[in-house]
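One structure is given below, encoded as structure tokens.
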Amino acid sequence: MAQICKLELQTEIKSSPDRLFDIYKNKTYLMPKISPDQFRSIEVLEGDGKSVGSVRLWTYVMGSQVTAKDKIDAVDDENKSITFNIIGGEITKYFKSFKATLEAGTSVLNTNLIKWSLEYEKANEDVPTPNSHLDFLVNGSRVVDAYLLKS
């Protein structure tokens, strides 16, 4: 029987949640400039690259250079949330389904935060839990945060 699993990781950011969300929603083309060690390219294959239904091809480095084709499943401007469904690339060799959601916001203590959530189904029981993918996404957001503080 299929089992959908979920991982979440939240971290503090120093920049504005609005500005960080704007990079991930509207300006992903800046990612290779912001973090060339992590992100090699982001190519829009369908749509405008920022609205629901858009399909993009990410080339990034996670140990070695890999690709992921994602489709934007949901965008919530009010809650600064965007969900990406991975539909191609290396990840799909190990997972039957793999969704990543970014949320940017402010805590009750007025701390700026980002939260990444992964929802996935492993292709088989030998596939490790994707903690390294979650760490990669959070670290990428920290690099974007540092970039925004400089600009």
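Which of 31, 62 has the fewest other C-beta atoms within 10 Å, and how do the rest follow up to the most?
Arranged by neighbour count, lowest to highest, 31, 62 become 62, 31.
Give me 72, 4 sorted ascending by neighbouring Cβ count inside 10 Å, so fewest comes first. Numbers along the way, then the final one.
Values: 72 21, 4 11.
Taking fewest neighbouring Cβ atoms as first place, the list is 4, 72.
Could you tell me which of the pairs 27/150; 50/99; 33/93 are separated by over 23 angstrom between their Cα atoms in the structure shown? Don't skip to the end; give the middle numbers.
On the way: 27/150 17 Å; 50/99 16 Å; 33/93 28 Å.
Table pairs above 23 Å Cα-Cα are 33/93.
Any idea what angle helix 131-150 forms with the longest principal axis of the chain, computed on alpha-carbon atoms, 0 to 90 degrees, nearest 10?
The angle comes out at about 20 degrees.
Please sort by residue number the GluC sites (Glu not before Pro) in the range 83-151 whose DSSP state is loop and whose Cβ has at most 10 other Cβ atoms within 10 Å. Provide the component values of the computation, followed by the final result.
Values: sites: 90, 103, 119, 121, 125; in loops: 125.
Sparse-neighbourhood loop GluC sites (Glu not before Pro): 125.
How far is helix 17-26 tilted off the main Cα axis of the chain, in degrees rounded to 10, range 0 to 90?
Computed tilt is about 50 degrees.
Taken together, the values in this text are just the output of simple stated rules run on the coordinates, not laboratory data. Model, not experiment: these values are computed from the prediction. Every residue, glycine as well, gets a Cβ built from its backbone with ideal geometry; the counts of neighbours run over all protein chains shown.
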